[in-house]
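Values quoted throughout were computed directly from the atomic coordinates according to the rules given, and no laboratory measurement underlies them. Bear in mind that the values here come from a model prediction, so they are computed numbers and not experimental data. In this analysis, Cβ positions are derived from the backbone assuming ideal geometry, glycine residues included, and neighbour counts consider all displayed protein chains.
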Amino acid sequence: MEKKIVLILTGIVLVLVFCAAGYTVYAANNPAVAAEKTKTVTDMMGRTVTIPSPVQKVVVIGSVPVQHSFIFALGKNGTIVNGLPDSFIKQGRWKYQYVFAPNLKDQPGMQSSTYEPNVEEIMKADPDVVFTMDPATVSTLDKSGLTVVYLSWVDNEDVKKLMTLMGEIYDQQDLADDYLDFFDSTITRVNDRVAGFPDNERPRVLYYTHTSMKVPHKIGDWWIAKAGGISVTGTPRNTDSLAIEPEQILKWNPDILIVANDGEISAVYNDTRLSTVNAIKNKRVYITPMGAHIWSHRGIETPLTVLWAAKTFYPETFADLDLEEETAAFYRKFFGHELTPEQVKEILSGKAKV
């Protein structure tokens with residue numbers, strides 16, 4: 001009797017195994033069945049979005065490089081099926097987008113020069129998810145039946161919410177948590193060294209675009225302060241960018257000027273209107289580094305920006321900080337990419353060209 005029971009149970013187990021194997025083969029040959037596994041996430045507009053699990057194909061619309069960089073940091077470069085928009089390609093500055101994700105070179109752009117999505121091209125790509133930081137794009141693509149996830153970075157540390165959401169979407173929560181730990185520990189490391197400096201010993205810093213006379217992002221005020229400087233544009237404002245005048249720069253008389261494009265260095269030094277500014281007299285005009293994105297803008301590399309700025313502001317205090325090794329270690333850990341020493345230097349120079 002016991003032998004019969006064992007045989008029966010063995011038979012049931014074998015049937016279940018064969019059924020499972022058969023379903024796996026069937027699902028592999030029928031993508032619609034395989035895609036039935038879904039989950040819901042809450043995007044940064046508060047919308048509940050149902051997405052496939054796992055996510056295998058995504059399109060990014062709007063501020064493409066910054067959103068790409070979060071995907072790179074989760075090791076999911078291969079899921080991106082859009083290339084850089086023409087407006088970014090023409091800048092010739094986004095070399096490391098292609099270094100970190102070579103598959104981008106063969107992908108079409110999916111938006112106009114004014115950031116409107118090319119719905120037809122996106123539909124043709126048949127993505128699991130479309131990412132965007134533009135509310136109007138959410139509305140447009142929703143109406144087309146596409147699955148859209150809204151991302152946002154308004155407040156200084158929204159990066160944490162953004163990274164947590166991306167980790168959830170890609171089932172990479174552990175890696176997202178590692179990044180958040182790195183973010184916080186990096187800021188703490190710098191703060192521990194600069195916290196005791198009185199205001200009269202801190203450099204007054206202006207981060208701006210000289211050719212347009214604009215401060216491009218409020219995030220500059222944040223990382224300048226975290227690195228121990230005083231941002232001359234640090235007073236609260238409602239707009240992200242800020243228009244300024246040469247006369248205002250003269251009044252601020254910053255000790256350090258930071259720009260995001262190497263072509264701006266000569267423009268700054270050749271502008272006779274600013275010749276009396278301390279930063280120009282003391283040759284303290286710097287280019288922000290640029291990797292997957294411009295470090296000084298909102299992006300995945302923000303903690304590295306704080307390290308770079310701290311060493312730039314206080315070269316003696318941070319003499320032991322090996323910025324090249326810190327940079328290489330970051331991309332190794334989060335991007336899974338081993339940069340050459342020459343590539344690290346090129347990123348830190350801010351002068352990389354495609």
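Couple of notes before you dig in:
- Where Cα atoms sit under 30 Å apart: lysine pairs in the range 197-349 separated by 8 or more or lying on different chains: 29
- The alpha carbons of the chain occupy a box of 98, 47, 38 Å along the principal axes, longest dimension given first.
- Summary value for the chain: 16 percent relative contact order, contacts being C-alpha pairs under 8 angstrom separated by 6+ residues.
- In the range 197-349, the alpha-carbon atoms span a convex hull of 115 Å³ per residue.
- Placing +1 on the Cβ of every Lys and Arg and -1 on the Cβ of every Asp and Glu, with nothing else charged, gives the range 36-171 a dipole about its Cα centre of roughly 320 debye.
- Scaling against 2.2 N^0.38 Å puts the C-alpha radius of gyration of the range 36-171 at 0.98.
- Here the dipole of the range 197-349 is about 500 debye; that uses its Cα centre as origin and unit charges on the Cβ of Lys and Arg (positive) and Asp and Glu (negative).
- Radius 14 Å from Cβ of residue 320, net charge of other residues (Lys, Arg +1; Asp, Glu -1): -3
- With both residues required to sit in the range 197-349, DSSP beta bridges show an antiparallel share near 35%.
- Judged by the mean number of other Cβ atoms found within 10 Å, the most tightly packed of the peptides 167-177, 186-196 leads the ranking 167-177, 186-196.
- Nearby aspartates and glutamates by direct alpha-carbon distance to residue 37 (threshold 13 angstrom, same-chain neighbours under 8 apart not counted): 128
- Highest-first packing order for the peptide set 287-294, 337-344 is 287-294, 337-344, based on the mean count of other beta carbon atoms within 10 Å.
- The HN-Hα couplings worked out from phi for the range 259-272 by the Karplus form 6.51 cos²θ - 1.76 cosθ + 1.60 (θ = phi - 60°) are 10, 10, 9, 5, x, 7, 4, 5, 4, 5, 5, 8, 7, 5 Hz, whole numbers, x standing for Gly and Pro.
- Net charge dipole, the chain: roughly 300 debye, given to the nearest 20, about the Cα centre with Cβ charges of +1 for Lys and Arg and -1 for Asp and Glu.
- Lysine pairs within the range 68-178, Cα separation less than 30 Å, 8 or more sequence positions apart or different chains: 20
- When each full DSSP H helix of the chain is screened for a Cα extent of at least 18 Å along its own axis and an average Kyte-Doolittle hydropathy of at least 0.5, the helices passing are 2-28.
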